[in-house]
Amino acid sequence: MIEDFIAQMWCSTAEEAVPKDIAAAQREAVLDSVDFKFVTGIAMEQQNIERNPSNADSIETYFKKDIDKKFGKLSPVKKAMCRLDWYAVLYRMLSYISTIKGVFRDQKALLFVQTLGLSEKWKEEADLYRKNAAELTESTRASFAAWLRDTEEELVRPMNALWDKKLHAGSIRRGISRAVKTVIALLILLTAGSYLTGVGYVAKITHHERIAVLPKEQIEGFGTYPEVGIEDYNASTNLTEGLDRALMDKDPKTAWTEGEKDAGIGRKLYFNPEDTQEVHYIVIYNGNQKDSASFKKDNRLKEITLKLDDSQHEKMLTLKDEEGPQYIRVNRKVGRFWIIIDSVYEGTDKANLTSVSEVEIY
């Protein structure tokens with residue numbers, strides 16, 4: 001097919017007006033244009049995976065290697081005429097490519113045309129020709145001017161307009177595609193971030209929220225959760241026998257107090273719910289909340305480790321040194337758990353005893 005395009009060149013259709021040196025250079029270029037015709041033919045294949053920027057660069061390379069070097073001895077205006085003749089071949093190639101089904105949806109094909117840059121090449125050589133056309137004989141000038149006018153009207157301008165339009169549409173599609181990919185990437189990052197940090201909607205719906213001590217104004221749905229039934233609970237140390245029963249007697253005025261001389265550091269409070277079930281919040285009444293004096297007298301929990309289901313989940317938390325309930329968000333299925341004392345707020349009593357008034361589980 002490329003041979004048909006070559007047959008429509010000015011030097012083939014207006015031989016009587018073609019100067020001998022141009023005719024000789026063009027004949028030699030046609031004979032030596034094997035590589036150029038090969039890569040151009042590839043660009044015109046119906047299912048062409050190589051119609052891409054690399055293919056456009058190859059066409060440019062072989063144009064210079066096989067064709068353009070044949071014009072080395074010509075004057076600038078004649079070189080411009082020869083180049084325009086061959087650029088018209090490439091424009092006919094683009095005209096053919098435009099008829100291939102689905103080509104305008106092919107991103108690589110659009111980039112192929114953009115890389116080829118025919119519009120800029122054509123304008124540069126056409127301007128050079130018009131600037132120096134007076135050097136030519138009248139018959140040559142008249143013949144080439146007519147060919148140039150017809151080629152620009154029937155081929156160059158329509159192709160430029162068509163591909164500019166498609167390149168613009170392709171640019172918009174690429175912009176939309178990039179925006180969509182960016183949004184998707186951000187959603188993935190936000191999703192992963194929410195899951196990994198345990199904060200946000202994804203962490204919430206996947207029951208992977210970060211275990212944390214929350215102020216009352218930040219807790220959600222607290223009043224809607226039923227109290228979790230407890231099969232058994234105890235403490236690893238008691239000031240008096242059975243005092244650990246005060247941990248869940250529903251009376252914050254009574255308190256469990258450990259019975260060691262080291263503030264109970266490393267001691268554990270153990271809770272075993274009835275079967276494995278969803279635990280949303282653990283509520284702790286820190287210290288001895290019988291009254292304010294008792295609260296100040298005994299040590300209060302400061303840093304604790306919440307250990308869920310043996311060693312599956314361990315979380316170090318810091319409680320506040322204040323009266324009233326403190327809310328630990330869990331939002332996980334729990335079979336049993338331990339509260340381990342890591343450090344305390346020191347009380348005024350030299351006995352150095354640590355107390356907890358109540359633990360509720362929802």
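The values are calculated or read from the model by the stated rules, or taken from the named source; none is laboratory data. These numbers come from a predicted model, not from an experiment. Methodologically, a virtual Cβ is constructed for each residue, glycine included, from the backbone with ideal geometry; neighbour enumeration extends over all protein chains shown. SASA here: full protein model, heavy atoms, side chains in, ligands and nucleic acids out. Shrake-Rupley method; radii C 1.70, N 1.55, O 1.52, S 1.80 Å.
Remarks
- Residue count for segment 305-334 under the criterion of being at pLDDT below 90 and touching a Lys or Arg at 6+ places or on another chain (Cβ under 6 Å): the result is 1.
- Criterion: within 18 Å of Ser58 (Cβ to Cβ), of a type outside the set (Gly, Ala, Ser), part of a helix (DSSP H, G or I) and open to solvent by less than 50 Å² (accessible area, probe 1.4 Å) - qualifying residue of Phe104, Phe112: Phe112
- With respect to (1) over 20 Å from Phe222 (Cα atoms); (2) out of contact with any Leu (no Cβ under 8 Å at 6 or more places or on another chain); (3) not in a strand (DSSP E or B), the lone exception for Gly347 is condition (2).
- Enumeration of residues in segment 217-266 that are more than 14 Å from Thr354 (Cβ to Cβ), assigned to a loop (DSSP other than H, G, I, E, B) and in contact (Cβ under 8 Å) with a residue 60 or more places away in the chain: Ile219, Tyr225, Pro226, Glu227, Val228, Asp249, Lys250, Asp251, Pro252, Lys253, Thr254
- Residue within segment 341-351 that is modelled with pLDDT under 95, aliphatic (A, V, I, L, M) and over 44 Å from the mean Cα position of the chain (by Cα) present: yes
- The sole residue among Lys216, Lys181, Lys123, Lys166 that is under 30 Å from Asn48 (Cα atoms), open to solvent by 30 Å² or more (accessible area, probe 1.4 Å) and in contact with a Phe, Trp or Tyr (Cβ under 7 Å, 6 or more places away or on another chain) is Lys166.
- Residue within segment 83-99 that is part of a helix (DSSP H, G or I), among the small types (Gly, Ala, Ser) and open to solvent by less than 80 Å² (accessible area, probe 1.4 Å) present: yes
- Of the residues making up segment 40-65, those that are open to solvent by less than 70 Å² (accessible area, probe 1.4 Å), over 21 Å from Gln26 (Cα atoms) and assigned to a helix (DSSP H, G or I) number 5.
- Residue ID - farthest from the chain's Cα centre (by Cα), chosen from residues in segment 6-39 that are within 21 Å of Gln114 (Cα to Cα) and open to solvent by less than 20 Å² (accessible area, probe 1.4 Å): Phe36
Per-residue answers, yes or no, for (1) among the hydrophobic types (A, V, I, L, M, F, W, C); (2) touching a residue at least 24 places away in the same chain (Cβ under 8 Å); (3) more than 19 Å from Trp147 (Cβ to Cβ):
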{"site": "Glu15", "(1), (2), (3)": "no, no, no"}
{"site": "Asp32", "(1), (2), (3)": "no, yes, yes"}
{"site": "Thr40", "(1), (2), (3)": "no, yes, yes"}
{"site": "Met44", "(1), (2), (3)": "yes, yes, yes"}
{"site": "Tyr62", "(1), (2), (3)": "no, yes, yes"}
{"site": "Asp66", "(1), (2), (3)": "no, yes, yes"}
{"site": "Lys70", "(1), (2), (3)": "no, yes, yes"}
{"site": "Gly102", "(1), (2), (3)": "no, no, yes"}
{"site": "Gln107", "(1), (2), (3)": "no, yes, yes"}
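- The combined condition, being of a type in the set (D, E, K, R) and at pLDDT 95 or above, is fulfilled by Lys253.
- Criterion violated by Asn55 - all others in (1) over 29 Å from Arg105 (Cβ atoms); (2) in contact with a Ser or Thr (Cβ under 9 Å, 6 or more places away or on another chain) satisfied: (1)
- Filtered residues of segment 220-266 (kept if touching a Leu at 6+ places or on another chain (Cβ under 7 Å), over 28 Å from Gln277 (Cα atoms) and open to solvent by less than 40 Å² (accessible area, probe 1.4 Å)): Thr257, Glu258, Gly259
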